[in-house]
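Here's the structure we're looking at; comments come further down.
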There are 4 protein chains.
Amino acid sequence: MVVVMAPGAADEHIQAVVDRVESAGGQAFVSRGVSRTIIGLVGDVTLFGGFDLGAMPGVSDVVRVSTPYKLVSREHHPSMSTVEVGGVPIGPGTFTLVAGPCAVETPEQTLAAAQMAKAAGATLLRGGAYKPRTSPYAFQGLGERGLKILADVRAETGLPVVTEVVDAHDVELVASYADMLQIGTRNAANFGLLQAVGAIGKPVLLKRGMSATIEEWLMAAEYIAQRGNLDIVLCERGIRTFETATRNTLDISAVPVVNALSHLPVMIDPSHSGGRRDLVLPLSRAAIAVGADGILVDVHPHPETALCDGPQALVDADLRALAAVVRQLPPLLGRAPALAAPVAAV
Amino acid sequence: MVVVMAPGAADEHIQAVVDRVESAGGQAFVSRGVSRTIIGLVGDVTLFGGFDLGAMPGVSDVVRVSTPYKLVSREHHPSMSTVEVGGVPIGPGTFTLVAGPCAVETPEQTLAAAQMAKAAGATLLRGGAYKPRTSPYAFQGLGERGLKILADVRAETGLPVVTEVVDAHDVELVASYADMLQIGTRNAANFGLLQAVGAIGKPVLLKRGMSATIEEWLMAAEYIAQRGNLDIVLCERGIRTFETATRNTLDISAVPVVNALSHLPVMIDPSHSGGRRDLVLPLSRAAIAVGADGILVDVHPHPETALCDGPQALVDADLRALAAVVRQLPPLLGRAPALAAPVAAV
Amino acid sequence: MVVVMAPGAADEHIQAVVDRVESAGGQAFVSRGVSRTIIGLVGDVTLFGGFDLGAMPGVSDVVRVSTPYKLVSREHHPSMSTVEVGGVPIGPGTFTLVAGPCAVETPEQTLAAAQMAKAAGATLLRGGAYKPRTSPYAFQGLGERGLKILADVRAETGLPVVTEVVDAHDVELVASYADMLQIGTRNAANFGLLQAVGAIGKPVLLKRGMSATIEEWLMAAEYIAQRGNLDIVLCERGIRTFETATRNTLDISAVPVVNALSHLPVMIDPSHSGGRRDLVLPLSRAAIAVGADGILVDVHPHPETALCDGPQALVDADLRALAAVVRQLPPLLGRAPALAAPVAAV
Amino acid sequence: MVVVMAPGAADEHIQAVVDRVESAGGQAFVSRGVSRTIIGLVGDVTLFGGFDLGAMPGVSDVVRVSTPYKLVSREHHPSMSTVEVGGVPIGPGTFTLVAGPCAVETPEQTLAAAQMAKAAGATLLRGGAYKPRTSPYAFQGLGERGLKILADVRAETGLPVVTEVVDAHDVELVASYADMLQIGTRNAANFGLLQAVGAIGKPVLLKRGMSATIEEWLMAAEYIAQRGNLDIVLCERGIRTFETATRNTLDISAVPVVNALSHLPVMIDPSHSGGRRDLVLPLSRAAIAVGADGILVDVHPHPETALCDGPQALVDADLRALAAVVRQLPPLLGRAPALAAPVAAV
């Protein structure tokens, strides 16, 4: 059972709900979000039902949770959501290309990749300053120095920035530079981090955990939503299976399955799912056709010297082919390619 | 090492190769196919290399196998193959819709499903007379009675028939009715059955084993090819993973991966991979976009009473939507919808 | 719904049941086993319930199937079964070592392996004459020549023979030589083969399919049982997962899970699950401790030249260590090592 | 390439190494651990090899990393390690039972569970104050209040405490109460958390990620080790597969595989892998037999009202059976049951 407080509910009203629940032997967990406060109740639901929580001051709604996720569900929110990132929409009716280098390495490499991305039709720039790497001896990203490079490149190109945050401790810092915070596959069950990005109030790109079921993925989104942040875009990036021909197995069915369950936009990352440059184009076409709201693609001016995931980064002819697909295929399926936001036209 | 005999090589020439290999302490396995005989050699390859097998009478070629599959590989056969089934092409340049009931139940149901399939643009009729079912208490198919129904419906509609064979013992019987033999996912490593359909010389639709790697799938095709039958169409139908929202996980990346490795056509079965009617349309669009050569779809006039897999069978509005997609999307991606063959226009 | 006919029920009684079911619009599938005939009913169960099938001549029992498998379930058969193979018991109270070469290659190699196996405490000899191999170019076994070698080695050592059958067509032939028929992992859903070994009336060793759930595995056993053969021993041999450090992932929990569901004995194959010689001993200890009724182990006099699975075959010190474990550990856990049957003492 | 600085190396010596590497166009990542500082080099290794890093002041060793994990590998550390937790050894020669409630709920419940654990032979108490839960609406643990309860119960029972930390931000706080820090399966790739527990210098229990390969698991351990903390115990807790009869699939082979690769102790969690009370005992026997250094078991005085994972918690007869197994089986396999440390006898 979840008690949703009205916007601006007073602390004493919140405390009154907690006290009443605890007096009945239950437990109350308060989540203070940017726009609303939510109180989750644990214990014997029949006890709480006896007194009228909905009538208490400051309470806007009391909902019984039937699906395990509620705020991100279509049950009470049937129309699909659009999330705006620096003025760029992600959602129904448009198709958004997010592109950039897997990792920010130097100002020159990042600017070159951003220009390649923009030329290919990208309206958002991706790039990692904090890289979660399996090996502690692999390149871990430039940290804040990388964030500054991204901000400079945004100023130069007008592309809003999507970048990963890997530690709850860094959320404020990363949010001060980024337009959208990315949660990577390895952190899809890092609940403290999910709550932290929920509280900061910036759009979030939530990748699916590599062994997360679709239900668990939506529950991870619910962790963010519960803190008052519903600006969440889901991103399918391949799951772990027995097949070794590809880095991961792209679960393309996840797009229509999620669309039936949740109002959140869904994107596909064809670069990380396949892990191979030659698969990016066909998987991007499939992503458009299956109904994804956008794709997330690695580009790099010199993939052969990339510090991270070079074998999947697009360049030259491959990138031009992608540009053609992204411009031509979505309109045939009823979607406009996302245009750069006015602010991006600087 | 494989010794490929010339077409029409005499038995004594074949025996001479076997004798020479065995005299060197090796083993020789003779596979007699419809169009050629192949002798696989096992043992210390350096020994056989010493004497010149290639110069022996009746020998057309001696090849060292570098990839584990050779006849289905693009290595020595770079151009993509087209397989003709009752005059209907499956391969590059066309997009083929195979549709029909999961199981043949009655003449009326089969005819109705075939007419629905044809109206939706199908040029081949699928339908199972032998059903491999997990439970011995489930409907196992009508057997030869079902084959006769399929033949009658072919005569009525002009649609060539694709139907499954589940036992090597039945191959001749099924082949006497069918235009294309289907090997199901549960028999993808039933090597005796693969060899039997290889020897019978009818086109084969080879579904991927639900836990087969792409390499193992191509090896299964090689079993068929080794018996002299290269009229093989591969069909991705979902693999087994931890995800339970769908019946299987459609591995859509398998299409471009196989295209890079093999010259055989590849289709997708969106009905069995998702197991849900609402996923058939988006997955069919994705199949077209990713570059599949066709799709295999369940239709049923009354899915609610179907004896097998009703929840995934298309009907009415769903089927009309599929028809529109199959007619409109392939041409946008450079493929013609497969037209019914002249013979089918009877 | 399943109608179990009395032993020796007349054909006319069987036909009468079929007729009555069909007259009600249902379907009846007759399975004639060695010891009993079973009729599976498909259709609207309420219709059949109306007339009293149980009172018809020759009918011994009419059961509604609640679990998807019935004959192998503990529901109606709570005490655990013991299966005798050439006089050697497999079941509760004993621990049986089955050992031998993966593949029969020569009389000398097979005899040497059998003597190694016997010295290590094995009371049954395993060895493959028909080998299902992923590659059509790999050694496929000696066929009937291999069966004869196994029979000769049985005569020499007194060890009853367990050997695989891969094709329904070969069941009679293999059964004429073998004491127990093995169904391999690749044929765990080859229902025609399961039915054929069910009908032949020899003990069966049923390996789990590499991607079969435990429920599906028990359903495969039900296919055998339905033909009147309940002398089935299940064998866990590893399932397919994302982990690559081992050939398969031994699902050791399957033993207690199956013990809770089925009365059939369960063994473990530590050789094929790990695929590594160094894992056989620890996994064998685990198999004993978890409660398995026996293990199936590869041994080979010269693993380095084995035509099949050499890297996992035990030899010398490893085999002596296994022998010590198999003799000492089961008694500590309340099981006797299986003794060779009297006939084996020749 | 990794530069290991001598204990107490001066900051200027560390900086000198960094400068020299960067002057050659490389990148240097400094990890300051409790007992040593390590500098990881990224870039063209041949460049760094040219100048003699090993001869620079303060440098103790320069190693080329061949396996992806080095500090936890047996390559340079062949003898197996023992980790002491509050005086209780975990490692070769002993078998350690860690038991307690999944979640700390109340002082009474925790004390009762600890006494049950101790009576069953446990020498370490487990219990969660911070619970990573898939649902944001599920009980998330008592936080610091739970830690205080654990400390009180330790004072009462003498059992050192193992408890989970889920956020890098909480590491210091949790470490101020706990004797051993647990990293849960969902945080196995939360590299910031791994580094934080590496730096704090307390023993760590590192659970395997539910979809982590064994290599990735050892890399996670390397993240901890790299910060100077080698007091790491690995814990296999089941991996995610297609099988649904158990909560996870216990990969029991992981124990001998890890033993061959790493000197770190390995435990098994039979409670979380199976998720069923009836599997805990057989899996515990298997864990002992396969060579694990200990097990981690859920106990609860009233599983039916547990706020977390009640269905797998042991109680009463099951717990007495476990106690008997843990006392009797390890000595038969050459291991002493771990005795409570003297400090624990208070």
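The values are calculated or read from the model by the stated rules, or taken from the named source; none is laboratory data. Since this is a predicted model, take the numbers as computed values, not measurements. A quick note on method: Cβ atoms are made from the backbone with ideal geometry, for glycine too, and the neighbour counts reach across all protein chains shown.
For this structure, a couple of remarks:
- If only residues of region A:291-302 that are surrounded by fewer than 24 Cβ atoms within 10 Å (Cβ to Cβ) and touching a residue at least 60 places away in the same chain (Cβ under 8 Å) are counted, the one that is farthest from the chain's Cα centre (by Cα) is A:H302.
- Any hit, region A:212-229, residues being in a strand (DSSP E or B), at pLDDT 95 or above and either more than 24 Å from A:V280 (Cα to Cα) or among the β-branched types (V, I, T) (or both): no
- Tally, over region A:186-203, of residues that are surrounded by 24 or more Cβ atoms within 10 Å (Cβ to Cβ) and of a type in the set (V, I, T): 1
- Looking only at region A:205-252, and only at residues there that are of a type in the set (G, A, S) and in contact (Cβ under 8 Å) with a residue 24 or more places away in the chain, the one that is farthest from A:T134 (Cα to Cα): A:G228
- Taking region C:86-124 as the range and being farther than 14 Å from C:V297 by Cβ, touching a Ser or Thr at 6+ places or on another chain (Cβ under 7 Å) and outside any loop (DSSP other than H, G, I, E, B) as the test, the residues that pass are C:V88, C:P89, C:I90, C:Q115.
- Positions within region B:270-290 being surrounded by fewer than 20 Cβ atoms within 10 Å (Cβ to Cβ) and within 21 Å of the chain's Cα centre (by Cα), in sequence order: B:G275
- Number of the condition not met by C:G54 [criteria: (1) surrounded by fewer than 13 Cβ atoms within 10 Å (Cβ to Cβ); (2) touching a strand residue (DSSP E or B) at 6+ places or on another chain (Cβ under 9 Å); (3) farther than 25 Å from C:N259 by Cα; (4) modelled with pLDDT under 80]: (4)
- For region C:310-341, residues that are in contact with a strand residue (DSSP E or B) (Cβ under 6 Å, 6 or more places away or on another chain) and of a type in the set (D, E, K, R) total 2.
- Residue selected from region B:256-301 under the condition part of a strand (DSSP E or B) and of a type in the set (G, A, S), by the criterion nearest to B:L314 (Cα to Cα): B:G294
- Scan of region C:192-205 for residues that are within 14 Å of C:T37 (Cα to Cα), within 14 Å of chain B (Cβ to nearest Cβ) and among the small types (G, A, S), ordered by number: C:G198, C:A199
- Considered as a group, the residues in region A:139-148 that are in contact (Cβ under 8 Å) with a residue 24 or more places away in the chain and either farther than 17 Å from A:L111 by Cβ or aliphatic (A, V, I, L, M) (or both) include one that is nearest to the other protein chains (Cβ to nearest Cβ), and that residue is A:F139.
- Breaking point among (1) in contact (Cβ under 8 Å) with a residue 24 or more places away in the chain; (2) more than 23 Å from the chain's Cα centre (by Cα); (3) within 12 Å of another protein chain (Cβ to nearest Cβ), for D:T305: (1)
- When we screen B:R227, B:R208, B:R237 for residues that are more than 26 Å from A:I288 (Cβ to Cβ) and within 14 Å of chain C (Cβ to nearest Cβ), the only hit is B:R227.
- Subset of region A:127-144 [crowded, with 24+ Cβ neighbours inside 10 Å and either closer than 15 Å to A:L319 by Cα or of a type in the set (S, T, Y) (or both)]: A:Y130
- Candidates are the residues of region D:141-162 that are touching a Lys or Arg at 6+ places or on another chain (Cβ under 7 Å) and outside any loop (DSSP other than H, G, I, E, B); the one that is farthest from D:Y177 (Cα to Cα) is D:T157.
- Search result, residues across region C:211-224 that are among the aromatic types (F, W, Y) and either more than 8 Å from chain B (Cβ to nearest Cβ) or surrounded by fewer than 24 Cβ atoms within 10 Å (Cβ to Cβ) (or both): C:W217
- Filter result for C:P282 (without any contact (Cβ under 8 Å) to a residue 24 or more places away in the chain, within 14 Å of chain D (Cβ to nearest Cβ) and either out of contact with any Cys (no Cβ under 6 Å at 6 or more places or on another chain) or over 24 Å from B:T213 (Cβ atoms) (or both)): yes
- Any hit, region B:183-191, residues being free of Cβ contacts under 8 Å to residues at least 60 places away in the same chain, in a loop (DSSP other than H, G, I, E, B) and more than 12 Å from chain C (Cβ to nearest Cβ): no
- Candidates A:S79, A:S23, A:S73, A:S35 - the one that is surrounded by fewer than 14 Cβ atoms within 10 Å (Cβ to Cβ), modelled with pLDDT of 75 or more and within 30 Å of A:L296 (Cα to Cα): A:S79
- Only one of C:L206, C:L181, C:L159, C:L150 that is surrounded by 24 or more Cβ atoms within 10 Å (Cβ to Cβ), closer than 23 Å to C:I252 by Cβ, modelled with pLDDT of 95 or more and not aromatic (F, W, Y): C:L206
- For region B:110-126, the condition holds for no residue, the condition being that it is crowded, with 24+ Cβ neighbours inside 10 Å, of a type outside the set (D, E) and modelled with pLDDT under 90.
- Only one of the listed residues (B:A313, B:A317, B:A323) is out of contact with any helix residue (DSSP H, G or I) (no Cβ under 8 Å at 6 or more places or on another chain) and more than 13 Å from chain A (Cβ to nearest Cβ). That residue is B:A317.
- Some residue of region B:241-255 being more than 8 Å from every other protein chain (Cβ to nearest Cβ), in a loop (DSSP other than H, G, I, E, B) and not basic (K, R): yes
- Scope region A:163-178; condition in a helix (DSSP H, G or I), of a type in the set (D, E) and either at pLDDT 95 or above or under 16 Å from A:G209 (Cα atoms) (or both); matching residues: A:E172
- Scanning region D:125-136 for any residue that is free of Cβ contacts under 8 Å to residues at least 40 places away in the same chain, hydrophobic (A, V, I, L, M, F, W, C) and outside any helix (DSSP H, G or I) turns up at least one such residue.
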